[in-house]
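Report on one structure; see the data block that follows.
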Amino acid sequence: MIIREEKEADRLAIGALNRRTFGGDYEAQLIDQLRAAHLIVASLVALDGNEVIGHLLFSSLPVEIDGRDVNAVALAPMAVSPDRQRQGIGSKLVTEGLALLRKKQVEAVIVLGHTAYYPRFGFSPLLTQKLASPFRGMGEFMALELVVGSLAGQKGSVKYPEAFGLAKGHPI
Ligand SMILES: CC(C)(COP(=O)(O)OP(=O)(O)OC[C@H]1O[C@@H](n2cnc3c(N)ncnc32)[C@H](O)[C@@H]1OP(=O)(O)O)[C@@H](O)C(=O)NCCC(=O)NCCS
């Protein structure tokens, strides 16, 4: 299995993997819309031979704290092919993704996800306590600081781009 950044030729397979894994169109459409809006910061695929068996996307996410802009990204969506889950592929995608974000000088990562999964990589709900978000209460809202102290402050907010389908109240 290898992990690398997506190439244009992977895009159809990434959409198909997300549809298969989530059983719907929302995530595949989200990826397409973020791509069209030029908001993708990193898109990683896990490959077994030529087959895309995992995918992880990071996209630009405006975060402001005490009047300061933080260079933050959203982690979403992440998909591992149903027949390949629980083999460490998701963990490898996250670990390599975070290393890539460090190289890109990203300061913080925000995720709305499973508390049983993301804390093992250092994500914590404590880091989002001061952040107002339209998705708060729709899943566990967690963050990870790649630059220590980047999310420190008294009051802040997260502004999800339109692609996340806020109007539909979709919890991702
Ligand atoms: C979540 C997901 C990406 C994890 O990928 P993976 O390759 O299966 O994960 P790993 O093998 O690295 O890690 C397995 C661990 O994840 C945990 N895990 C997997 N899916 C989970 C879920 N839905 N909720 C909570 N924990 C989950 C397992 O309990 C396991 O923990 P353990 O090692 O302590 O037993 C994958 O299961 C998936 O695609 N799920 C469906 C889509 C989804 O929910 N995506 C995330 C939201 S955007």
Pick from Asn18, Asn50, Asn71: which is most flexible by mean-square fluctuation in a GNM of the chain where alpha carbon atoms under 10 Å apart are linked? Asn50
With all protein chains present, how much of the accessible area of region 45-172 (probe radius 1.4 Å) comes from carbon and sulfur, to the nearest whole percent? 51 percent
Each residue of region 95-106 in order: what ³J(HN,Hα) in whole Hz does its phi give by Karplus 6.51 cos²θ - 1.76 cosθ + 1.60, θ = phi - 60°, with x for Gly and Pro? 4, 5, x, 5, 5, 5, 5, 4, 5, 8, 6, 6
Positive end of the charge dipole of the chain (Lys, Arg +1 and Asp, Glu -1 on Cβ, about the Cα centre): tell me which of Gly49, Pro77, Gly153 has its Cα farthest that way. Gly153
Under a plain spin-label model, where a point goes 7 Å from the Cα along Cα-to-Cβ, how far apart in nm are Ser91 and Glu8? 3.7 nm
Taking the chain as a Gaussian network, where each spring joins two C-alpha atoms under 10 Å apart, which residue of Arg102, Arg86, Arg35 fluctuates the most? Arg86
Alpha-carbon gyration tensor eigenvalues x 5, square-rooted, for region 2-163, Å: 26, 16, 15
Dipole of region 1-137, Cα-centred, from +1 at each Lys and Arg C-beta and -1 at each Asp and Glu C-beta, to the nearest 20 debye? 320 debye
Mind checking which of Lys103, Lys130, Lys155 has the largest fluctuation in a GNM of the chain, springs on alpha carbons under 10 Å? Lys103
In Å², rounded to a whole number, the accessible area per residue of the chain with probe 1.4 Å is 50 Å²
Could you work out the per residue convex hull volume over the alpha carbons of region 1-75, in cubic angstrom? 97 Å³
Scoring only Lys, Arg, Asp and Glu (+1, +1, -1, -1) among other residues with Cβ under 13 Å from the Cβ of Ser150 yields -2
Lysine pairs, Cα distance under 22 Å, 8 or more residues apart or cross-chain: how many in region 2-163? 8
Any chance you could run the full-extension gain for Met1 through His114? It's 0.36 nm times the residue separation minus the Cα-Cα distance, nm to one decimal. 38.2 nm
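The values are calculated or read from the model by the stated rules, or taken from the named source; none is laboratory data. It should be emphasised that the depicted structure is a prediction, and the values quoted were computed from it without experimental measurement. Cβ atoms come from the backbone with ideal geometry, glycine included; neighbour counts cover every protein chain shown. With ligands, DNA and RNA removed, areas are computed over all heavy atoms of the protein, side chains included. Shrake-Rupley method; radii C 1.70, N 1.55, O 1.52, S 1.80 Å.
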